[in-house]
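In what follows, a structure is listed as structure tokens, so that the remarks can point back to it.
The values are calculated or read from the model by the stated rules, or taken from the named source; none is laboratory data. The structure presented is a predicted model; accordingly, all values stated were derived computationally and were not measured. Positions of Cβ are generated from backbone atoms using ideal geometry, with glycine treated the same way; all protein chains shown enter the neighbour counts.
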Amino acid sequence: MADNRFKSEVVIDPRRIYVAIVVFIVLLLSLSGRLWYLQILKGKDFSIASERNRVREVTRPAPRGLIFDRNGSLMLSNRPFFDLVVIPQYLQNREQTLKIVSELFSIPLEQIEKRLSESAGVPHFVPVRIKRNLTLHEVAMMESNKFFLPGVDVDTAPRRDYQRSDSAHLFGYLGEVTNRELDTLNATSRDYQYRVGSTVGKLGVEKKYESSLRGLEGKDYLQVDAYGRLQTASAMDFGLSQRKTAQRGHDMYLTIDDDIQRAAVEAFRNKNGAVVAMNAQNGEILAYVSHPNFSLSMYQDGLTGEDWQLLQTNPFKPLLDKVTGGAYPPGSVFKLITALAALEEGVASPQRTYSCNGVFSLGNGKWRCWKKTGHGVVNLRKSIEQSCDVYFYQVGNLLNVDRIAKWARAFGLGEKTGLDLNMEVTGIVPSTEWKLQTKGAPWQSGDTINVSIGQGYNLMTPLQIVTMMAAFGNGGKVFRPYLLKKIVDQQGKTMLEEKPLLRKRAAFKQENMAVVQAGLEDVVMSPTGTGKKSAVAGFRIAGKTGTAQTAALKRTKDQDEVHFQQRDHAWFAAYAPVENPEIAVVALSEFDGGGGGSQAAPIVQQVLEAYLRKAHPEKFVSSKLSQKVVERKTPLQNQRGAGSDSGGAVPAAEDGEEASEDNDADQD
Amino acid sequence: MLLFWQLLKERFRGTPWSLLITVYLLVALGLFNMFSASGADASPGRFNDQLQWAVIGTFAMIFWGIILDLRSIERLTLLSYIVVCALLLAVDISGQIAKGSQRWLMIGPIRVQPSELAKFVIILIVARSFGFVRGVHEFTLLTLWRQIIVVLIPFVLVLVQPDLGTSGLVLLIACFQIAFVRINWTSIAIVAFTSLSASIIAWNFVLYDYQKLRVLNFLNPMRDPKGAGYHSIQSMIAVGSGGLWGRGFQQGTQSQLSFLPERHTDFAFSVWAEEQGFIGCAVVFGLYLLMLLQIFQIAEKARDSFSALVALGVAGFFLFHFFINVAMVLGMFPVVGVPLSLVSYGGSHMLTVMSCIGLLIAVERRRALSST
């Protein structure tokens, strides 16, 4: 009762307190529901979101796979390179520090600032690369000043160790992936993700076997705070231990024999063009040289605009791989196709002779033999040995172009060899149909005359020529050339192996081929042969010279006087040993000015000798003791006209074979 | 000596000890959380500060609850109201001079946040304004003119600071108190109708699009995850990743690595939820439920209007802070600067909260005194 009396004095309605309590509990339950939803139902999702906040994945570059030659001798490896980096998180007294760095390493301050501003979006602990590939001196300088330069450091990364400066086209250079490459590369690779700035092979085997060589990037998981600063994970190591170390790419064994490769590089020094050596029985490439070379390390260090300009404007096109990408008129090397075609198609026989008086006439046209005075009466074998143009004009005329083309194709000319390296081109095997389609003009009988000696519309790559030459030696087997012996992972397991592939087999009568082969052997072995400078004592070698005209020149003009881009290409292609060919070699010296016999044959000789010494050392031991005279002759002078023993007779007489300028003029 | 002891015992008679246990459990929990949240900072400065403020708050509580009695508090109400309003005005003026929002005022060496004191003083002034009333009464808008004026003055003064959160709380606490008084239904209908139609008119005819956008972003932070919504999202991530048992003391990455903004103050509960999980949150909810029930009980038992309204004001104070803060932390409410009482860092707020507890002690002591 007393209570009610008091209550009546109170202005509030006590029942509302119970309403308030009920409302309070309802609201509390709704908050609990929300809490349940966030923590229990969606807890997993939010945990992932939380991890994503604090864990940053950092990739560590993988060393690329090593490259060995066929015998396991190291051709290309890696070493650590040092980069100058700035880590914004640790940078103190930014302005002054950057100024000192700028002066110490002679980098413009604006360039450093630009670099830093470019990476403004990335977390502060990520080092920003200021200068690549420091010299050891610069590294030492950095180390000794480290104390005064907080936030500046030296970062190491494994990169290619380009100790040798040759064979740039074979190995290929590396570069940052372009946006266009990014899409295609990522579409084809499952376990590897390319990003902007990733390194990728751009040429040669580095490009072709990119997926095997690249390795697996390492991954580090670092903890950062909301400002992107790296946190030590000591007190709070929540299982950041999923890190993966970088794995080196698979190692690669090439079919290249480094001894032969080095010999080819050495022999081809100061020349432009290509040298290829191939196993004549299976297509393994033993040496692969394209000149002019370019510097691979220049690419790795970062090509300056100036360097790029130089590479682009160099008239000898250093970036072009001439082995697969250079299409040249084959010149007289092509005569072996014409010769075999003539025998097979019955327009010539081994006994049938033609008389060469130095000129061939057809209609109003006149075609000269390279030897003004003519070769007199020659049969097929002799015409090959002497590279008599008139003989081949005659049989070419009888053959017609389409039958020549048929035989050229039978030996793989006019199509890609299948090496699939560095933008291979098909070249041109001309035919009536081809001319109609591309030039819109009917074939002229005069065209055939040019084609029969490898001029005119003919274009072949050195790789096609070497495959053809091997097929002439091995009985018509046209192999696909290849470079890869095997790819081996880090456990030594073979991941990929290339096997010989017989692309096609030319069908001909054995006796016809024998005649051509005899002629090819005479080229090298006969004292009057045009290619005798490729001889290696103790071995039977067969080959063919070629001196391909690049422009219509007055016969009187000296090659030294004309513009270099109008000079002749010097060819020589050979196989050895004749009785059972093991190796085929081609050398093409473009815009050489000299003939194939004087300029290209000695190169082939050195490559052959390097190979034969290795393959048949016993023959060299005996030759050393008994045939001193011969031996003095073999390490050949490879400078033009400097020959001391074969001396005065050399340049003009041997192989001045040139299709005469008048012919072309008459045609047009 | 015995006499002194007797006097002291007399002084403390009626003290609601069970309420104080609940309060200090929450204080301890808040300090523990503060220590954890400061873990990554290496310097436990905030923990020490908060501990200091808890002690100072305890003195404030003793001052209001034990040293003064409710009668003197009732007498002091108008004076303290005027003082607080003057301080609020001073803040507004100094804010005008500094050309920016201003919430602090330096009084000697200490920074005071008068808007916090406003929440305290509004409880007293509203209770006081009904103090004259005896018996059953039905109020209308006209008879409530006193209350409307005393509430509007501090409300406007805080609003122009600008501090939307606190001014809203001032209004809410006052309304909560008045809601327990019998009010004529027509008056309620008038207020409801005018405020509703005013907001509809404002939305359709007054506000520009960008202002509407701002309102929408305020009401639903998820509309703008990088701007206004960032805090909400980070807080939800922190809470959600806590799971059932939490990530453990000083193990919350969201808070320790500063992804969580304001982890000591407005988002302190977020830290707790991340590190102590659903179970830990249930403990906080339980303590708050217990505390509110105890306060409502005090209000229910009160024998005069002033006592009852003071207790209800304090209940409203805790209730609104709790709901707004927790709803904000859970991403159900826009981010406004409302701390979780007893748990969040903040000296002025701790002082205010403990003073409110002091008021409850005073209320209980008066009842104990009058029942004998």
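Conditions first: (1) surrounded by 15 or more Cβ atoms within 10 Å (Cβ to Cβ); (2) modelled with pLDDT under 85. B:G45 passes all but one, so which condition is the exception?
Among (1) surrounded by 15 or more Cβ atoms within 10 Å (Cβ to Cβ); (2) modelled with pLDDT under 85, B:G45 violates only (1).
Go through B:A368, B:A308 for me and flag whichever is surrounded by fewer than 23 Cβ atoms within 10 Å (Cβ to Cβ), touching a residue at least 12 places away in the same chain (Cβ under 8 Å) and not charged (D, E, K, R). Write out each step before concluding.
Details: B:A308 fails: surrounded by fewer than 23 Cβ atoms within 10 Å (Cβ to Cβ).
The unique qualifying residue is B:A368.
With the requirement that a residue be assigned to a loop (DSSP other than H, G, I, E, B) and of a type in the set (G, A, S), what does the range A:130-174 give you? Explain how you work it out, then say what you get.
Here is the first cut: in the range A:130-174, the residues assigned to a loop (DSSP other than H, G, I, E, B) are A:132-135, A:149-151, A:162-167, A:172-173.
Passing the criteria: A:G151, A:S165, A:S167, A:G172.
All but one of (1) among the aliphatic types (A, V, I, L, M); (2) more than 24 Å from B:L70 (Cα to Cα); (3) without any contact (Cβ under 8 Å) to a residue 40 or more places away in the chain hold for B:V158; which doesn't?
B:V158 satisfies every listed condition except (3).
Against the condition closer than 19 Å to A:F171 by Cβ, at pLDDT 80 or above and not aliphatic (A, V, I, L, M), how does A:D301 come out, does it pass?
On the way: closer than 19 Å to A:F171 by Cβ: yes; at pLDDT 80 or above: no; not aliphatic (A, V, I, L, M): yes.
No, not satisfied.
Return the pair list, or none, for Cβ contacts closer than 9 Å from residues in the range B:129-155 that are closer than 21 Å to B:C85 by Cβ and at pLDDT below 80 to residues that are aliphatic (A, V, I, L, M) and not in a helix (DSSP H, G or I), at least 6 apart or on different chains.
B:G131/A:V11
Which residues, counting only those in the range B:257-305, are part of a loop (DSSP other than H, G, I, E, B), facing chain A (nearest Cβ under 10 Å) and of a type in the set (A, V, I, L, M, F, W, C)? Full working, then the answer.
Initial filter on the range B:257-305 (part of a loop (DSSP other than H, G, I, E, B)): B:257-267, B:302-304.
If we keep only those that are facing chain A (nearest Cβ under 10 Å) too, we end up with B:257-261, B:302-304.
Within the range B:257-305, B:L257, B:F259, B:L260, B:A302 meet the criteria.
Could you list, ordered by first residue, the pairs with Cβ atoms under 6 Å in which the first is in the range A:76-103 and within 30 Å of A:H169 (Cβ to Cβ) and the second is part of a helix (DSSP H, G or I) and not aromatic (F, W, Y), at least 6 apart or interchain?
Close Cβ pairs satisfying both conditions: A:F82/A:V139.
Among the residues of the range A:175-229, count how many are under 22 Å from the mean Cα position of the chain (by Cα) and either part of a strand (DSSP E or B) or within 14 Å of chain B (Cβ to nearest Cβ) (or both).
5
As an exercise: evaluate A:D13 against (1) facing chain B (nearest Cβ under 7 Å); (2) in contact with a helix residue (DSSP H, G or I) (Cβ under 7 Å, 6 or more places away or on another chain) and give the number of the one condition it does not meet.
It fails just one condition, (2).
Of all residues in the range B:310-351, how many are among the aromatic types (F, W, Y) and closer than 27 Å to B:D69 by Cβ? Talk me through it step by step, then tell me what you get.
In the first step, residues of the range B:310-351 are kept if they are among the aromatic types (F, W, Y); the result is B:317-318, B:320, B:322-323, B:333, B:345.
Filter once more, keeping what is closer than 27 Å to B:D69 by Cβ: B:317-318.
Number of matching residues: 2.
Between a residue in the range A:502-513 that is farther than 15 Å from A:L336 by Cα and any residue that is in a strand (DSSP E or B) and small (G, A, S), which pairs come within a Cβ distance under 6 Å, given they are 6 or more apart or on different chains?
Going by the 6 Å Cβ cut-off, there are no qualifying pairs.
Got a sec? Which of A:T556, A:T550, A:T528 is over 24 Å from A:A471 (Cβ atoms), in contact with a Pro (Cβ under 9 Å, 6 or more places away or on another chain) and modelled with pLDDT under 90?
Selected residue: A:T550, the only one of A:T556, A:T550, A:T528 that is over 24 Å from A:A471 (Cβ atoms), in contact with a Pro (Cβ under 9 Å, 6 or more places away or on another chain) and modelled with pLDDT under 90.
Mind listing whichever residues of the range A:37-57 are among the hydrophobic types (A, V, I, L, M, F, W, C), touching a Phe, Trp or Tyr at 6+ places or on another chain (Cβ under 8 Å) and crowded, with 17+ Cβ neighbours inside 10 Å? So that I can check it myself, show each step before the final result.
The initial filter retains those residues of the range A:37-57 that are among the hydrophobic types (A, V, I, L, M, F, W, C), namely A:38, A:40-41, A:46, A:48-49, A:55.
Add one more test, that the residue is touching a Phe, Trp or Tyr at 6+ places or on another chain (Cβ under 8 Å), and what stays is A:38, A:40, A:55.
Result: A:L38, A:V55.
Considering only residues of the range B:319-343 that are closer than 11 Å to B:G165 by Cα and outside any helix (DSSP H, G or I), which is farthest from the other protein chains (Cβ to nearest Cβ)?
Filtering the range B:319-343 for residues that are closer than 11 Å to B:G165 by Cα and outside any helix (DSSP H, G or I), the one farthest from the other protein chains (Cβ to nearest Cβ) comes out as B:G337.
In this structure, is A:G473 part of a loop (DSSP other than H, G, I, E, B), touching a residue at least 60 places away in the same chain (Cβ under 8 Å) and crowded, with 20+ Cβ neighbours inside 10 Å? Please lay out each step first, then the result.
Values: part of a loop (DSSP other than H, G, I, E, B): no; touching a residue at least 60 places away in the same chain (Cβ under 8 Å): yes; crowded, with 20+ Cβ neighbours inside 10 Å: yes.
For A:G473, the condition - part of a loop (DSSP other than H, G, I, E, B), touching a residue at least 60 places away in the same chain (Cβ under 8 Å) and crowded, with 20+ Cβ neighbours inside 10 Å - is not met.
Modelled with pLDDT of 80 or more and touching a Phe, Trp or Tyr at 6+ places or on another chain (Cβ under 6 Å), is that true of A:A576? Please lay out each step first, then the result.
Numbers: modelled with pLDDT of 80 or more: yes; touching a Phe, Trp or Tyr at 6+ places or on another chain (Cβ under 6 Å): yes.
Spelling it out, A:A576 is indeed modelled with pLDDT of 80 or more and touching a Phe, Trp or Tyr at 6+ places or on another chain (Cβ under 6 Å).
Can you list the helices (runs of 4 or more DSSP H) lying wholly within the range B:181-256 that have 2 or more residues being within 14 Å of another protein chain (Cβ to nearest Cβ), of a type in the set (A, V, I, L, M, F, W, C) and within 30 Å of B:S129 (Cα to Cα)?
On the way: elements: B:185-201, B:209-219, B:229-242, B:253-256.
Of the helices (runs of 4 or more DSSP H) lying wholly inside the range B:181-256, those with at least 2 residues that are within 14 Å of another protein chain (Cβ to nearest Cβ), of a type in the set (A, V, I, L, M, F, W, C) and within 30 Å of B:S129 (Cα to Cα) span B:185-201.
Those residues that are charged (D, E, K, R), part of a strand (DSSP E or B) and within 14 Å of another protein chain (Cβ to nearest Cβ), I need them from the range A:34-91; list them, please. Break it down stepwise before answering.
Pass one, the range A:34-91, residues charged (D, E, K, R): A:34, A:42, A:44-45, A:51-52, A:54, A:56-57, A:60, A:64, A:69-70, A:79, A:83.
Next cut, part of a strand (DSSP E or B) only: A:56-57, A:60, A:79, A:83.
The answer is A:R56, and nothing else.
So, in the range A:92-107, exactly how many residues are part of a loop (DSSP other than H, G, I, E, B) and either touching a strand residue (DSSP E or B) at 6+ places or on another chain (Cβ under 9 Å) or at pLDDT 85 or above (or both)? Working first, answer last.
To start, the set of residues in the range A:92-107 that are part of a loop (DSSP other than H, G, I, E, B) comprises A:92-93, A:105-107.
With either touching a strand residue (DSSP E or B) at 6+ places or on another chain (Cβ under 9 Å) or at pLDDT 85 or above (or both) added as a condition, the list becomes A:105, A:107.
Qualifying residue count, the range A:92-107: 2.
Could you count how many residues in the range A:158-176 are surrounded by fewer than 19 Cβ atoms within 10 Å (Cβ to Cβ) and either among the aliphatic types (A, V, I, L, M) or more than 20 Å from A:S77 (Cα to Cα) (or both)?
Number satisfying all stated conditions: 0.
Might you check whether a residue that is buried (at least 16 other Cβ atoms within 10 Å of the Cβ), in contact with a Gly (Cβ under 7 Å, 6 or more places away or on another chain) and not in a helix (DSSP H, G or I) occurs anywhere in the range A:482-490? Let's see the steps before the verdict.
Taking the range A:482-490 as the starting set, the residues that turn out to be buried (at least 16 other Cβ atoms within 10 Å of the Cβ) are A:482-489.
Filter once more, so that each one left must be in contact with a Gly (Cβ under 7 Å, 6 or more places away or on another chain): A:482.
Next, from what is left, pick out any that are not in a helix (DSSP H, G or I): A:482.
Yes: one or more hits.
If we keep just the residues of the range A:582-598 that are within 13 Å of A:K271 (Cα to Cα) and charged (D, E, K, R), which is nearest to the chain's Cα centre (by Cα)?
Applying the filter and picking the extreme gives A:E590.
Given the residues A:K366, A:K406, which is the only one that is surrounded by fewer than 20 Cβ atoms within 10 Å (Cβ to Cβ), at pLDDT below 85, of a type outside the set (S, T, Y) and not in a loop (DSSP other than H, G, I, E, B)? I'd like the intermediate steps shown before the answer.
Details: A:K406 fails: at pLDDT below 85.
Matching residue, one of A:K366, A:K406: A:K366.
Give just the number: which of (1) within 30 Å of A:I256 (Cα to Cα); (2) of a type outside the set (A, V, I, L, M, F, W, C); (3) modelled with pLDDT under 80 does A:G374 not satisfy?
A:G374 satisfies every listed condition except (1).
Scan the range B:176-187 and give yes if some residue there is free of Cβ contacts under 8 Å to residues at least 60 places away in the same chain and more than 18 Å from B:F139 (Cβ to Cβ), otherwise no.
No, the range B:176-187 contains no residue that is free of Cβ contacts under 8 Å to residues at least 60 places away in the same chain and more than 18 Å from B:F139 (Cβ to Cβ).
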